Amino acid sequence: MRNLTILIIFYVLGNVFSVEAQASKSFKQPTTVKESILAPEKAKEIQNQIARIDAHLKAIETKKAFVLSSQAETERATSLGWFDSMLVIQDQLIAKKTKLVNYLKSFDDE
């Protein structure tokens, strides 16, 4: 029962973050006319987003290790398509993180 509760919690967290990842598609790239200075508050906000993405990616890996440690959990997760869902979410998170890091780096290069 405890394992099922943990699986449900991570599934819900995965869905919450996937909604955030979907919403992040509206993240706009810098315009062709770049600002010369990034406001410290904006830089801190972006760094916080990157930290949340890293934490989410780590949580997925932790959960994956847990699921793979039990054949019953592995079979259940596979039948629910959990591994495929997590792979899609990981790809989305990595893409978002890459955009954010590149955006920050664009100000460091000046």
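The values are calculated or read from the model by the stated rules, or taken from the named source; none is laboratory data. Source: prediction; values computed, not measured. Virtual Cβ from ideal backbone geometry, glycine too; neighbours counted across all protein chains shown.
Comparison of LEU93, LEU87 shows that the only residue that is farther than 30 Å from LEU38 by Cα, modelled with pLDDT of 95 or more, under 15 Å from the mean Cα position of the chain (by Cα) and not small (Gly, Ala, Ser) is LEU87. The set of residues in the range 82-109 that are farther than 14 Å from LYS64 by Cβ and of a type in the set (Gly, Ala, Ser) comprises ALA95, SER106.
Taking each residue of the range 52-81 that is free of Cβ contacts under 8 Å to residues at least 40 places away in the same chain and looking for partners that are β-branched (Val, Ile, Thr) with beta-carbon atoms closer than 6 Å, six or more apart or interchain, yields LEU68/THR74; THR74/VAL67.
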